[in-house]
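To keep things clear, I will list the structure first and then write my remarks on it.
The values are calculated or read from the model by the stated rules, or taken from the named source; none is laboratory data. Here the structure is a predicted model, which means the values were calculated and not measured. In this analysis, Cβ positions are derived from the backbone assuming ideal geometry, glycine residues included, and neighbour counts consider all displayed protein chains.
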Amino acid sequence: MVEAFNSLAGRSHAFDRVVVMLEANSLLKTGLIVGLLWYFWFSTRDQPETRRKILRTLFAACIAIAVARVSQRLLPPRMRPIFDPSMALKVAWDFNPSSHAEWSSFPSDHAVMMCALAAGLWTISRRWGAVAFVWVLGFVFPVRLILGLHYPSDILAGGLVGVSIVWLVMRDGFVVPRFVDLSLRLEAHQAAAFYTLVFLFTWQVADFFGDVRYMAHALGAMALGR
């Protein structure tokens, strides 16, 4: 299946540029879904319950990226298809696969995060949740296959992990409610601080915590004297 999707690459400069843009552009990948979470925070009729679901979704997103990254580090490494010489995949125009060489292919962190966000949105609005899943399945995941960044099993496993994390977080009655109650109290008494923190957090969610991971990597290297 990877070969079939990858056969679309290298045929048209315009098509390849669109694919590479979809792969690199956080606004189009996660930003739209995060924007919908902000929309429902302010616009919904059942505001208290919806806000609790949004906070649970953000909590799940944090767990999702942590689980994805830890899994990639602890599980046996899996070479991305684009680096497998036996597959002889084509590299799309303007795409630099070396930027993805550090991480294992399994599981797909994009699938974990995107499916967690879409599933969280589904608990708030079935209609917009379905739209989010259609966007993820129709435009985000195929791009990963066209560029040879993942096998279908990487994406399937990641998606199941993301949805499962949301399912567990939405049903937790011990840890998550304390986080939600604390957040809502902060919003009620220190709105400026709350919205500043949530803005920064959702920014990082949309960017797959890229800035946070980069800083952690840089500080770790400094601590080790590298």
**Asked** Assuming LYS29 fulfils every condition listed in (1) assigned to a helix (DSSP H, G or I); (2) out of contact with any His (no Cβ under 8 Å at 6 or more places or on another chain); (3) at pLDDT 85 or above; (4) within 20 Å of VAL143 (Cβ to Cβ) apart from one, which condition is it?
**Response** (2)
**Message:** So in the range 153-176, with the set limited to residues that are β-branched (Val, Ile, Thr) and farther than 14 Å from MET114 by Cβ, which one is surrounded by the fewest Cβ atoms within 10 Å (Cβ to Cβ)?
**Reply:** VAL175
**Prompt:** Hey, any hits in the range 50-62 for a residue that's surrounded by 14 or more Cβ atoms within 10 Å (Cβ to Cβ), more than 12 Å from MET113 (Cβ to Cβ) and without any contact (Cβ under 8 Å) to a residue 40 or more places away in the chain?
**Reply:** no
**Message:** Name the residue that is modelled with the lowest pLDDT, counting only residues in the range 88-108 that are more than 13 Å from LEU145 (Cα to Cα) and of a type in the set (A, V, I, L, M).
**Reply:** ALA101
**Message:** Given (1) of a type in the set (Phe, Trp, Tyr); (2) part of a helix (DSSP H, G or I); (3) at pLDDT below 85, identify the lone condition not met by TRP41.
**Reply:** (3)
**Asked** Within the set of pairs 6 or more residues apart or between chains, which connect a residue that is closer than 24 Å to LEU74 by Cα inside the range 107-126 to a residue that is among the charged types (D, E, K, R) with Cβ atoms less than 6 Å apart?
**Response** PRO107/ASP154; SER108/ASP154
**Item:** Subset of the range 177-194 (residues that are loosely packed, with under 14 Cβ neighbours inside 10 Å and assigned to a helix (DSSP H, G or I))
**Value:** PRO177, ARG178, ASP181, LEU182, ARG185, ALA188, HIS189, ALA191, ALA192, ALA193
**Request:** Name the one entry in ALA111, ALA130, ALA119 that is modelled with pLDDT of 95 or more and buried (at least 16 other Cβ atoms within 10 Å of the Cβ).
**Result:** ALA119
**Asked** Going by the conditions given, is GLU102 among the charged types (D, E, K, R) and either crowded, with 17+ Cβ neighbours inside 10 Å or not in a helix (DSSP H, G or I) (or both)?
**Response** yes
